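Here it is, the structure, as structure tokens.
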Amino acid sequence: MAFEKSIVVTGGAGFIGSHVVRRFVQNYPNYLIINLDVLTYAGNLENLREVESRENYRFEKVDICDREEVERVFKEYSPDGIIHLAAESHVDRSILDPLAFIRTNIEGTVNLLNTAKNHWKNDYSSKRFYHISTDEVYGSLGDEGMFTETTPYDPRSPYSASKASSDHIVRAFGHTYGLPVVISNCSNNYGPNQFPEKLIPLFISNVVQQDALPVYGKGDNIRDWLYVEDHAEAIDLIYHKGRDGETYNIGGENEWKNIDLIKTLIEQVDEKLNRAPGFSEKLITYVTDRAGHDFRYAIDCSKIKSELGWSPNMTFETGLAKTIQWYLENPEWIDHVKSGAYQSYYAEQYGSR
Ligand code: NAD
Ligand code: TYD
């Protein structure tokens, strides 16, 4: 079958990437979607079972830092577009091992940009390099204010600094070589398939297991939460309708102080498990704060709302209920992730190819 377009989605086996891959494979049967992912601890092909046998889906187990392999993928598929999500994504890990973040998030992004530039050879018609980034590049807010697309960058963790660097390099390729780039910076995502090292899935899992809930500092930090499918919808819109060289901020308009969110989460999980109200509050354990912990993130997403007509659809109440339900219904997914068993799924599924 001849496809109208081919798009490489990097990091498609991860949390947000798997929602993006599913959405594009299902909604655009005339696009060939190539999921390029090296499958780190965070990459899990079990996230993509629903689409793995679709005709318009391919998987390439490739490290974005590997020049030869990335070139091979470009030669094989001649992609029209790249949606770049592959990254080391967890702040706490970046504090323990910053070099891994420099390698993947910076070097890997440069390698993809370079390969796209060389492959497209200045013929950029209907081409697009779309870089997915985070609101954490803007730094930390006090009680007031919001990040806009023109807020100066002020990253404060190795993770956010590596993402900020990659954003700058993407823009540099736009300015210097005319590469048709677009960037979006999004707030904290939540939803099914998120690796249980991030706050919401970790705490759901721990409430179920009756393990301690480690609250950093006093739990006063504030995050803005967006349901992952709303992010995938924004990515779809920006990929198709965003303007070259532009940046779009994406947010949930949904700020929560960590401790308030944690108490709501505990209440809802306990309720679903028919436990008495407040049953699991005893698990709350205040621990030493994260080093350099950003106090508050908040996104002004008026640009994407007015320009592209996007807005967050999912209410937090429904989104959280759906997320909890998904984790309760998929205990084997958590078991596989925790034990690393999902890695044997790759061997089973792709080992003979
Ligand atoms: P994730 O950690 O769940 O998934 C990352 C994916 O990238 C995994 O499948 C992993 O195997 C793959 N990967 C990592 N290193 C790679 C490499 N060298 N080569 C190829 N593949 C590699 O991450 P996520 O939470 O889904 O985040 C996806 C993107 O969105 C990241 O760029 C992140 O910075 C950005 N983002 C995330 C959030 C959030 O709340 N999770 C918010 C805003 C932006
Ligand atoms: P996280 O999900 O790691 O996202 P990010 O740091 O990228 O915003 O953390 C969300 C918030 O929850 C952040 O303020 C740190 C806090 N947190 C805890 O209090 N305990 C935990 O065990 C984790 C993982 C996070």
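The values are calculated or read from the model by the stated rules, or taken from the named source; none is laboratory data. All of these numbers come straight from a predicted model, not from anything done at the bench. Note that each Cβ is placed from the backbone with ideal geometry, even for glycine, and that neighbours are counted across all protein chains shown.
State all residues of region 263-290 that are in contact (Cβ under 8 Å) with a residue 24 or more places away in the chain and of a type in the set (S, T, N, Q); if no residue qualifies, say none.
T264, Q268, S280, T285, T288, listed by residue number.
Mind checking which residues of region 111-135 are in contact with a Ser or Thr (Cβ under 8 Å, 6 or more places away or on another chain), outside any strand (DSSP E or B) and closer than 25 Å to H231 by Cβ?
Correct list: L112, D135.
Something else about it: Within region 179-189, identify whether any single residue is of a type outside the set (V, I, T), within 12 Å of ligand 1 (Cβ to nearest atom), assigned to a strand (DSSP E or B) and in contact with a Lys or Arg (Cβ under 8 Å, 6 or more places away or on another chain), and answer yes or no.
Checked region 179-189: at least one residue is of a type outside the set (V, I, T), within 12 Å of ligand 1 (Cβ to nearest atom), assigned to a strand (DSSP E or B) and in contact with a Lys or Arg (Cβ under 8 Å, 6 or more places away or on another chain).
Still on this structure, I have one more. Exactly one of these conditions fails for D123: (1) more than 11 Å from ligand 1 (Cβ to nearest atom); (2) at pLDDT 95 or above. Give me its number.
(2)
Another one. Being surrounded by fewer than 16 Cβ atoms within 10 Å (Cβ to Cβ) and more than 18 Å from F147 (Cβ to Cβ), is that true of even one residue in region 298-307?
No, the conditions are met nowhere in region 298-307.
I've got another one for you. Search region 194-209 for residues being farther than 16 Å from A321 by Cα and in contact with a Lys or Arg (Cβ under 9 Å, 6 or more places away or on another chain), and hand back the single one that is nearest to ligand 1 (Cβ to nearest atom).
Of everything passing the filter in region 194-209, E197 is nearest to ligand 1 (Cβ to nearest atom).
Out of the residues in region 313-322 meeting the condition of being out of contact with any strand residue (DSSP E or B) (no Cβ under 6 Å at 6 or more places or on another chain) and touching a residue at least 60 places away in the same chain (Cβ under 8 Å), tell me which one is surrounded by the fewest Cβ atoms within 10 Å (Cβ to Cβ).
For region 313-322, the residue satisfying everything is N313.
Within region 87-103, is even one residue surrounded by 23 or more Cβ atoms within 10 Å (Cβ to Cβ), more than 16 Å from ligand 2 (Cβ to nearest atom) and touching a residue at least 12 places away in the same chain (Cβ under 8 Å)?
no
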